[in-house]
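Comments concern the structure below.
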Amino acid sequence: MEIQTKKSLGQHWLKDEQTLKAIVKAAGVAKDDTVLEIGPGLGTLTKELIKKAHKVVAVEYDEVLAGRLESEVGAPNLIVRHQDILRYDLNELPLQYKVVANIPYYLTGNLMRMFTETNNPPETMVLLVQKEVAERLAAKPGNLSIAAVAAQMVYEVKLGIVVKAELFTPPPKVDSQVVILRKREEPLFDNLNPRVYMRVVKAGFSQPRKKLRSSLSAGLGINKEEADRLLKQAKISGDLRAQKLSLKDWHKLYKVLMV
């Protein structure tokens, strides 16, 4: 039976064997690894992962695809979960697990927050996303987004191979790219509460086209004078826009707010 893709779930299936193998290689999947795969779809990447990993946990939101995966790709080291990934309990996974997945654009931001705010973050993530999204996650200060700040707070981020749109079924409108995130060996900041840190970042990005004093004022529910006072304490200009700040700038602002 031919499976129809669902636009609402951002389904675009990669079938190119060479690219699938390259994604698994980029993750350095080894025989003692547990791998979390998000949205396995037809299981083309799953088939490559089960060859290399100790265990693959595939979380699929689409009930039909989840059932198909169990019956057609079933293997002793494959566990299929029919579930929304954003509701999945990451504490079910062992420490130092890896995430390898072809994820839809609309999930990127929520997944970054999920994986960076959990008490059991993955050791490595290798994600295939829209090229623009990959570039955004790896961006430098001046072009940072909330997702980039969340990712880079915990991970060293680098870009992998570009995957042309025609290699997918159905082809998306743009090319995709692999982005590789490896957990920092040492935390970027000591004694950091990631949820509070990201609350500050979200407040700063609440009105990204406006100057920082305005967006911070709106995001934290304080007046502009108070926002200016906090920014001055952190030695950050209120005339900047959120995307111009570095991770260290956000940390300075976080420390001021934690006092």
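Summary table
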| item | result |
| --- | --- |
| The stretch 148-162, residues that are of a type outside the set (K, R), surrounded by fewer than 20 Cβ atoms within 10 Å (Cβ to Cβ) and under 24 Å from E186 (Cβ atoms) | E156, V157, L159, G160 |
| All positions within the stretch 196-234 that are out of contact with any Gly (no Cβ under 6 Å at 6 or more places or on another chain), of a type in the set (G, A, S), closer than 16 Å to H251 by Cα and part of a helix (DSSP H, G or I) | G204, A227 |
| Checklist (1) under 23 Å from P172 (Cα atoms); (2) aliphatic (A, V, I, L, M); (3) in a helix (DSSP H, G or I) applied to L42, failing item | (3) |
| Residues located in the stretch 49-79, provided they are in contact (Cβ under 8 Å) with a residue 24 or more places away in the chain, of a type in the set (A, V, I, L, M) and not in a helix (DSSP H, G or I) | A53, V57, V59, V73, A75, L78, I79 |
| Subset of the stretch 101-137 that is part of a loop (DSSP other than H, G, I, E, B) and at pLDDT 90 or above - its residue that is surrounded by the most Cβ atoms within 10 Å (Cβ to Cβ) | P122 |
| Filter result for Q177 (buried (at least 20 other Cβ atoms within 10 Å of the Cβ) and in contact with a strand residue (DSSP E or B) (Cβ under 8 Å, 6 or more places away or on another chain)) | yes |
| Index of the failed condition, P172 passing every other in (1) assigned to a loop (DSSP other than H, G, I, E, B); (2) outside the structural domain of P104 (by TED's automatic domain parsing) | (2) |
| Unique match (being of a type outside the set (S, T, Y) and modelled with pLDDT under 90) among K7, K51, K31 | K7 |
| Options V163, V126: the member that is farther than 25 Å from F205 by Cβ, within 11 Å of the chain's Cα centre (by Cα) and of a type in the set (A, V, I, L, M) | V126 |
| Residue in the stretch 15-27 that is over 17 Å from the mean Cα position of the chain (by Cα), under 18 Å from P122 (Cα atoms) and free of Cβ contacts under 8 Å to residues at least 40 places away in the same chain present | yes |
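The values are calculated or read from the model by the stated rules, or taken from the named source; none is laboratory data. What you see is a predicted model, and the numbers here were worked out from it, not measured in a lab. So basically every Cβ, Gly included, is an ideal-geometry build from the backbone, and we count neighbours across all protein chains shown.
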